[in-house]
1. Be a star and scan the stretch 63-83 for residues whose amide nitrogen sits under 13 Å from the point 7 Å along the Cα-to-Cβ vector of Glu124.
2. Return the distance in nm (one decimal) between the two label points of a simple spin-label model at Asp134 and Lys117, each offset 7 Å from Cα along Cα→Cβ.
3. Which of Ile280, Ile111, Ile264 moves the most in a Gaussian network model of the chain with Cα springs under 10 Å?
4. I'd like the GluC sites (Glu not before Pro) in the stretch 202-291 restricted to DSSP loop residues with at most 12 other Cβ atoms within 10 Å, sorted by number.
5. Quick one: among Lys34, Lys117, Lys209, which has the greatest mean-square fluctuation in a GNM of the chain with alpha-carbon springs under 10 angstrom?
6. Per DSSP H run of at least 4 residues, take -39500 (n - 2.57); add these up for the chain, divide by its residues and hand me the 222 nm value, nearest 500 deg cm²/dmol.
7. What does the C-alpha gyration tensor say about the overall shape of the stretch 90-145? Classify as rounded when a/c is under 1.5, otherwise prolate if a/b is larger than b/c, or oblate.
8. Among 67-74, 233-240, how do they line up by average Cβ neighbours within 10 Å per residue, starting with the highest?
Amino acid sequence: MAKHQELRSKVKEILKIVEQFTIKVNSLSYEEQKIELEKYKSYLSIKQKPQEEKDLPDIPNRPERVVTRFAPNPDGPLHIGNLRAAVLSYKYAKKYGGKFILRFEDTDPKIKPPLLKAYDWIQEDLKWLGLEWDELYIQSDRLELYYEYARRLIANDDAYVCECTQEVFKNYKNSGLACPHRDRKDSLVLFEKMIAGNIEEGKAVLRLKTSMHESNPALRDPPLMRVIDTRKHPHPRIGSKYYVFPLYNFSAALDDSLMGVTLIFRGKEHLTNSLIQTEIQKKLGLSTPFS
């Protein structure tokens, strides 16, 4: 607009046109965008400044074998926060000759339901950025595996089925008191009923046994798995086949260890999650990544 000041009075009209074109461009695949860009290349004047490639700083006490992961929820397009984690994970894996894993965390069809298109969008965006993954996993394909590890925890008396309402358990947790279901002997039977769809959503949750005297209340018997009525909230990939889904900390703790992830980049807001995941891994005798 500096060159065409007569357009300043039409800013609102121009913005609407720009918005329409942006939506249209975003609906195209990466290859289609490249083809369209070539058509208008002669009209573009792009000056690129030579940039000096900066090496990533070394990570002290890093694991000998570096395996990183990028684990988005495919509930929409990637954003800047996602991309930063993806780039760091990829770059450090390549810096140390390691492996980069892409994992879709899509186990909440009710609150954060995944979008079928987002699985492709994310892969296309990563490829456009030159971030090629070595292995690809989708958590909704791994539910039976999570059930097996849940059964192990129950068998070892490290988990139990809690039938308290959220409010009732919150009162127990904040008071440092055990809920009355903590020492029950029929947790495995109830867990199988959850899996079979014979317990309604909100009526039961599988909890990890920690200590009700942990200084951080969030660490007191955190939830591992819950019932989601997929007849009302079908999963876009697997429909209504399953009724029990893992909470983030359970599936992430298992997958990070079982996939051999050794290095994770976490924000400070994930400190509590990290502690819960480490506790899960310890109880199952699994490895804990460096983070």
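1. In the stretch 63-83, the label zone of Glu124 (backbone N under 13 Å from the point 7 Å along Cα→Cβ) covers 77-78.
2. My value for the distance between the label points is 3.4 nm.
3. In this elastic network of the chain, the residue with the biggest mean-square fluctuation among Ile280, Ile111, Ile264 is Ile111.
4. In loop regions of the stretch 202-291 (DSSP not H, G, I, E or B), there are no sparsely surrounded GluC sites (Glu not before Pro).
5. Greatest mean-square fluctuation among the candidates belongs to Lys34.
6. -12000 deg cm²/dmol
7. oblate
8. 67-74, 233-240
Bear in mind these aren't lab numbers, they're just calculated from the coordinates by the rules spelled out. The model shown is predicted, which means the values in this text are computed figures rather than measured ones. With ideal geometry, Cβ positions are generated from the backbone for all residues, glycine too; neighbour counts draw on all protein chains shown.
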